[in-house]
Amino acid sequence: MIDINLKGVFVTTRAVLPKMIERECGRIVSVASVCGKIGAPKFSHYSASKLGVIGLSQAIAPKSRPSASPSTRSAPASSRRR
């Protein structure tokens, strides 16, 4: 779970961010989860990996802010259909 949800985001960000900063354009959109913010008792591994995505996005934001390449994270939530 950590390899897919967190390491994948990290490796991809590390690969593209330097060129985005150099070109002063681009966006990084990372998909996090509400579970990363509030935790999910039966899915602690998932919650930990998504919290890592949130932290990574917050950590790289100041580095990318001088250029036009901000880091954005999305934490979609589920809802019941009636």
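The values are calculated or read from the model by the stated rules, or taken from the named source; none is laboratory data. Bear in mind that the values here come from a model prediction, so they are computed numbers and not experimental data. Cβ coordinates were reconstructed from backbone atoms using ideal geometry, including for glycine residues, and neighbour counts include every protein chain displayed.
Within region 37-58, the residues that satisfy the criterion of being within 24 Å of Arg14 (Cα to Cα) and modelled with pLDDT under 90 are Lys37, Ser57, Gln58. Six or more apart or on different chains, Cβ atoms under 8 Å: show the pairs whose first residue is in region 32-45 and assigned to a helix (DSSP H, G or I) and whose second is loosely packed, with under 12 Cβ neighbours inside 10 Å and not charged (D, E, K, R). Listed by first residue and then by second, the contacts come to Val34/Pro76; Val34/Ala77. Taking the numbered list (1) modelled with pLDDT of 85 or more; (2) loosely packed, with under 12 Cβ neighbours inside 10 Å in turn, Pro62 passes all entries but (1).
Out of the residues in region 1-21 meeting the condition of being touching a residue at least 40 places away in the same chain (Cβ under 8 Å) and among the aliphatic types (A, V, I, L, M), tell me which one is surrounded by the fewest Cβ atoms within 10 Å (Cβ to Cβ).
Per the criteria, the residue is Ile4.
Within region 22-31, the set of residues being outside any loop (DSSP other than H, G, I, E, B), of a type outside the set (Asp, Glu) and either surrounded by fewer than 17 Cβ atoms within 10 Å (Cβ to Cβ) or at pLDDT below 85 (or both) comprises Arg23, Val29, Val31.
Which is under 20 Å from Lys7 (Cα atoms), over 16 Å from the mean Cα position of the chain (by Cα) and of a type in the set (S, T, N, Q), of Ser64, Ser33, Ser44?
Values: Ser64 fails: over 16 Å from the mean Cα position of the chain (by Cα); Ser33 fails: over 16 Å from the mean Cα position of the chain (by Cα).
Testing whether each residue is under 20 Å from Lys7 (Cα atoms), over 16 Å from the mean Cα position of the chain (by Cα) and of a type in the set (S, T, N, Q) leaves just Ser44.
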